[in-house]
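Worksheet for the structure shown next.
The values are calculated or read from the model by the stated rules, or taken from the named source; none is laboratory data. The structure presented is a predicted model; accordingly, all values stated were derived computationally and were not measured. FYI the Cβ positions are ideal-geometry reconstructions off the backbone, even for glycines, and counts take in every protein chain you see.
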Amino acid sequence: MGRPPDRTEERLEIVLAILPYLFEQRIAEVPDVAARFGIPEVEVLQLLELLPDCGLPPFGGGDLLEVSIEGTTIRARPTQHWFNRALRLTPTESVAVKAAGQTLLSVPGFDGGALRSALAKLDAALKTDGLVVVDLDQPPLLGLVQEAIDQHLRLAVTYWSAWRDALTDRHIDPLRVFTENSRWYLDAFDVEAATMKRFRVDRTLQAEPAGPADDHPAPPSEEGSFTPGDGARRVVLDLPASAAWVTEAYKAVEMTELAGGRRRVAFDVMGERWLERLLLRVGPEARVLEPADLVDLQAQAAQRLLERYEA
Amino acid sequence: MAGADLPHSPAMNRADLRLQRVVNLLTALLYSGAPRSQEELTSTIEGYPPTPEARRSAFEDDKKLLRGRGFEIELIDKRYRIDPKKHFLPDLDLTESEEVALRTAIRLVSLTQEQDQLPFARIGVAFDDGGAGEALALRAHLANHELLSGVYDAMARSQLLELGYDGVPRVVEPHGLRFLDGFWYVVVWDRLRNAPRNLRIDRIGELRMLADAFVRRTGVDVATDMPAEPWRMGNEDPVQAEVRIDPAIAFRVWHELSGRDGIDLQPQADGSLLVRLVVTRLDGFRSWLLGMLDHAVVIGPADLRAEVAAWLASMASR
């Protein structure tokens, strides 16, 4: 039977997190400490049993951490000023907290006064002012959509469908918004289509409350901003090396590297307009391999647009 | 010491012994005042093996653990210490509303699917706020990258980076990180080219922080020095372009571009939108334009119209 995994690093992290808090509070209850730091109470107790025997070698008088526990009450005395300050954030943690703060500040309608001042204090302590900037899309209707979710309201929307390249009117019950790749997405129940769909908030032209929403089960995982619906067609493309951005921007079902940096890529596509956009942007070195009825799509779209320049 | 009615091991187990040993070692390295030798440390801290070889090996393991956690263990004349000033935050003195705000941000925004909340509890952002905090019906996922922390570390220390970018080696001053259109960019001053550059982090190859420090340049602004528009991300001769956008998508383009420097938007009586902008990168402009398909057309200048027409013709004739 193998040895259980070594959790020393993880447990050290917990000790370094709770000690400054205990020294500041001086008296604390185990359940409160456990809740504050997201640790099981039994783990808090097990760690606290170890700490009174810790300190500065050779452990003479006054060289031990003054932490004791009686029942569920913890007493701590910062006699030596050890571990009475929080550890600096690691670079990874700093990026995470600054990016989180910047992201929330860029949410339309969010009152960021307290967050700005909190980040300013952190920046002053870490000398990291201005090092991280997060640019997110700021769709004007994001606030209204959030309110509709909060208040369980249905929305009547005019929405530009990228697949159909057309404006559509519909009713939706919004359930969740999230941002991915700097875009804001909305998971909502499309009332007319009677199915859950994912929308881009910036493609919503108009939205108005339209009564109470129905109850719906929670939408599936946020991961992946696009999931193909019924009617999606598998399209296989041959793309040049210069089109590496395509697979960075869109999730391919399959991808095979070919000679000379070219790639054979398969997508599930809901409409021809999306494909036209992609092919025209990639340029003459792109090819549709399958299905046969779309092989000439690029030439047809290019000719159609070209007529506006030759007029 | 009385424990609660909760289970605990009747005797110290191996894991507890190691944790105690590491905490004591850390305390000694931080707070001894003077640096201490490996022999001093391992002979006075309980938990190190009795034989010299095993003791040295265990000491190396413990140092590796502490260094992995981010502690800089200095070696001075074969003696070790950690400077506490480098590793502890001053009191941030966060108000309750500031704590709540940070908590909201950290809860809602993540670089990874499962973000550890414990580090943020250290700076006063409690894991459980009892339901307080602004309730926002949103989540945000930012892309993560393994080089982010290394770049940030160099930035925070104002130390030069040596890196490969698209196969080309460079020495750069990292001035900032910017997340734009789903990618992290490093805003740098390229020492070889003596100019600012924006490097996409997933295109950086090997990365090494150099010992050399740099003074942050006042002229480099992370927020504004990197254009967000694809037609501005180049160094070609500027071309003043005029584009007509159909009424069907005019609202989107208006929302996308309004308020941006260097872009003039003129709504027309028929609901269309006239957009005037300066292009310094043709392929970026063309990609933006053709992404709008039939809903956008270049009005002028004639050369730019001809370029776009030639591009379309190269595909139409196949």
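What about A:Arg7, is it of a type in the set (Lys, Arg) and in contact with a helix residue (DSSP H, G or I) (Cβ under 8 Å, 6 or more places away or on another chain)?
Numbers: of a type in the set (Lys, Arg): yes; in contact with a helix residue (DSSP H, G or I) (Cβ under 8 Å, 6 or more places away or on another chain): yes.
In short, yes.
Is it true that B:Pro50 is of a type outside the set (Ser, Thr, Tyr) and free of Cβ contacts under 8 Å to residues at least 12 places away in the same chain?
Against the criterion (of a type outside the set (Ser, Thr, Tyr) and free of Cβ contacts under 8 Å to residues at least 12 places away in the same chain), B:Pro50 qualifies.
Taking the stretch A:134-165 as the search range and keeping residues that are farther than 14 Å from A:Tyr185 by Cβ and among the aromatic types (Phe, Trp, Tyr), which one is surrounded by the fewest Cβ atoms within 10 Å (Cβ to Cβ)?
A:Trp163
Failed condition for B:Ile45, given (1) farther than 26 Å from A:Ile14 by Cα; (2) among the hydrophobic types (A, V, I, L, M, F, W, C); (3) in contact (Cβ under 8 Å) with a residue 12 or more places away in the chain, with all others met?
That leaves (1) as the condition not met.
Among the residues of the stretch B:10-60, write down those that are at pLDDT 95 or above, under 27 Å from A:Leu48 (Cβ atoms) and surrounded by fewer than 16 Cβ atoms within 10 Å (Cβ to Cβ).
Those that are at pLDDT 95 or above, under 27 Å from A:Leu48 (Cβ atoms) and surrounded by fewer than 16 Cβ atoms within 10 Å (Cβ to Cβ): none in the stretch B:10-60.
Being modelled with pLDDT of 90 or more and either surrounded by fewer than 21 Cβ atoms within 10 Å (Cβ to Cβ) or out of contact with any strand residue (DSSP E or B) (no Cβ under 6 Å at 6 or more places or on another chain) (or both) is the filter here, so list the residues in the stretch B:166-183 that pass it.
B:Pro169, B:Arg170, B:Val171
Check the stretch A:136-148 and report whether any residue there is more than 20 Å from B:Arg252 (Cα to Cα), within 8 Å of chain B (Cβ to nearest Cβ) and in contact with a Gly (Cβ under 9 Å, 6 or more places away or on another chain).
No - not one qualifying residue is present in the stretch A:136-148.
Hey, can you tell me all the residues within the stretch B:219-236 that are touching a strand residue (DSSP E or B) at 6+ places or on another chain (Cβ under 7 Å) and either within 11 Å of B:Arg197 (Cβ to Cβ) or facing chain A (nearest Cβ under 10 Å) (or both)?
Scanning the stretch B:219-236 gives B:Val220, B:Val222, B:Ala223, B:Asp225, B:Met226, B:Ala228.
Scan (1) touching a Phe, Trp or Tyr at 6+ places or on another chain (Cβ under 9 Å); (2) more than 19 Å from B:Arg69 (Cβ to Cβ); (3) among the aliphatic types (A, V, I, L, M); (4) more than 7 Å from chain B (Cβ to nearest Cβ) for the single condition A:Leu19 breaks and write down its number.
The number of the failed condition is (2).
Output the residues belonging to the stretch A:120-169 that are under 16 Å from A:Arg183 (Cα atoms) and assigned to a helix (DSSP H, G or I).
Result: A:Leu142, A:Gly143, A:Val145, A:Gln146.
Can you spot a residue in the stretch B:14-26 that is more than 23 Å from A:Glu10 (Cα to Cα) and within 8 Å of chain A (Cβ to nearest Cβ)?
No, the stretch B:14-26 contains no residue that is more than 23 Å from A:Glu10 (Cα to Cα) and within 8 Å of chain A (Cβ to nearest Cβ).
Does the stretch A:85-104 contain at least one residue that is more than 8 Å from chain B (Cβ to nearest Cβ), of a type in the set (Lys, Arg) and crowded, with 22+ Cβ neighbours inside 10 Å?
yes
Given (1) in a strand (DSSP E or B); (2) exposed (fewer than 13 other Cβ atoms within 10 Å of the Cβ); (3) not aliphatic (A, V, I, L, M), where does B:Arg276 come up short, assuming only one miss?
Of (1) in a strand (DSSP E or B); (2) exposed (fewer than 13 other Cβ atoms within 10 Å of the Cβ); (3) not aliphatic (A, V, I, L, M), only one is false for B:Arg276: (2).
Considering only residues that are more than 20 Å from A:Leu280 (Cβ to Cβ) and in a helix (DSSP H, G or I), which ones fall in the stretch B:279-288?
Within the stretch B:279-288, no residue meets the criteria.
Which numbered condition trips up B:Pro196, out of (1) part of a strand (DSSP E or B); (2) surrounded by fewer than 17 Cβ atoms within 10 Å (Cβ to Cβ)?
Of the numbered conditions (1) part of a strand (DSSP E or B); (2) surrounded by fewer than 17 Cβ atoms within 10 Å (Cβ to Cβ), the odd one out for B:Pro196 is (2).
Check B:Leu163, B:Leu257 and return the single one that is in contact with a Leu (Cβ under 8 Å, 6 or more places away or on another chain) and surrounded by 20 or more Cβ atoms within 10 Å (Cβ to Cβ).
Checking each option against the conditions leaves just B:Leu163.
Would you check if B:Ala241 is in a strand (DSSP E or B) and surrounded by 17 or more Cβ atoms within 10 Å (Cβ to Cβ)?
Judged against the criteria, B:Ala241 is a match.
Just checking, which of B:Leu102, B:Leu19, B:Leu108 is touching a residue at least 24 places away in the same chain (Cβ under 8 Å) and at negative phi?
B:Leu108
Taking interchain pairs and intrachain pairs at least six residues apart, which have beta carbon atoms under 9 angstrom, with the first residue in the stretch B:290-314 and in contact (Cβ under 8 Å) with a residue 12 or more places away in the chain and more than 7 Å from chain A (Cβ to nearest Cβ) and the second charged (D, E, K, R) and in a loop (DSSP other than H, G, I, E, B)?
B:Met292/B:Asp246; B:His295/A:Asp165; B:His295/B:Asp246; B:Ala296/B:Asp246
Somewhere in the stretch B:248-265, is a residue away from chain A (no Cβ under 12 Å), of a type outside the set (Val, Ile, Thr) and in a loop (DSSP other than H, G, I, E, B)?
Yes, the stretch B:248-265 contains at least one residue that is away from chain A (no Cβ under 12 Å), of a type outside the set (Val, Ile, Thr) and in a loop (DSSP other than H, G, I, E, B).
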